[in-house]
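Working notes, beginning with the structure itself.
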Amino acid sequence: MTSLKIMLYGSANLFHSVDFTSCTTAVSSNLRDLAIGGSVRWILPSHGSGLHLPNLQQLSLSTDVGCDIAVVLGACPNISKLSIDVRSVVGENYTENITVPHLTTISVLAGEIAASNLLMDRLHCPSLRKFHLTTLGVVDALSLRRIKHFISRSTIRDRPSSSLKALHLEYSPSFQTEYSPNNSVLVQILKEILRPLSDLNDLRLYNVFINEEIVKCLTPLSGGRLETKEICPFLECLCLGCTYVKSAALNDALEEMVISRWKSRRGPLDITLAIESFKGARKRQRIKECLEEGLEGHFSNVCDRIVY
């Protein structure tokens, strides 16, 4: 058997277990693709035996009923794609760094920001190419700093194979949130996250933070000598979505960003702006011209959900 998928549907109080005690160093597993959903408890080999999944390439798991992430990931030395659902920090006890040397894609779904923060603190993925994070809660400086440090540890400048290509960050507040457009701390950290990502070609930020300074940072300069390094110059896909931006104060800056991105593009370009005040952007003459020239532009008040 090379593939196993277990997903439970129905009562939230129904739990099952999967026995991995035979997957030890003495009995190598042939599994290459493993997906274990919520409400499933992992039964691992007894202490000293050692879980061993040497051929596993893709792993999807949930920690809702207990799963020793450090043990599981340590048993998968060749995993390249990971999707993990961490509901809360309750029961999570991994205190040492977890290195996943060949992981290129990671998707994290967190039930609370504290859970994603804990995971980001421990993971080290030196081959990372795609990072997707979706979390319940309101973006804050601590969360963005955790993301910044995780990306910094996982992208090594002298290793081209580790250059990050896709960054998707989505926050889902459980209540209506209002931000001050002058939150200089969030602006600075977000710029520090994006500035080193010169090879990024897919950027999607939903309810992260947006103000005029961030929009201008993502606007390529036209003509003249660049005094600072252009942020994310090779984007082919850009998605910005914010449910808390209601006023039209950003509209001119957003238009300029769209136009500049299109005029300085290196190839195909797809831009999605899910901002209430900008949903009528197609009526703007300069944007209309870009659309006629081939720009894939989507403007609405509903952000395309991130698909993993």
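Among (1) among the small types (Gly, Ala, Ser); (2) part of a helix (DSSP H, G or I); (3) closer than 30 Å to Thr2 by Cα, where does Ser152 come up short?
Ser152 satisfies all of (1) among the small types (Gly, Ala, Ser); (2) part of a helix (DSSP H, G or I); (3) closer than 30 Å to Thr2 by Cα except (3).
Which one is surrounded by the most Cβ atoms within 10 Å (Cβ to Cβ), of the residues in the stretch 255-271 that are free of Cβ contacts under 8 Å to residues at least 40 places away in the same chain and within 23 Å of the chain's Cα centre (by Cα)?
Among them, the one singled out is Val258.
Got a number for residues in the stretch 279-298 being at pLDDT 90 or above, over 20 Å from Pro268 (Cα atoms) and surrounded by 12 or more Cβ atoms within 10 Å (Cβ to Cβ)?
Residues in the stretch 279-298 being at pLDDT 90 or above, over 20 Å from Pro268 (Cα atoms) and surrounded by 12 or more Cβ atoms within 10 Å (Cβ to Cβ): 1 in total.
Return yes or no: is Leu164 touching a helix residue (DSSP H, G or I) at 6+ places or on another chain (Cβ under 9 Å), outside any loop (DSSP other than H, G, I, E, B) and at pLDDT 75 or above?
no
The values are calculated or read from the model by the stated rules, or taken from the named source; none is laboratory data. In this text the structure is predicted, and so the values were computed from the model without any measurement. Cβ atoms come from the backbone with ideal geometry, glycine included; neighbour counts cover every protein chain shown.
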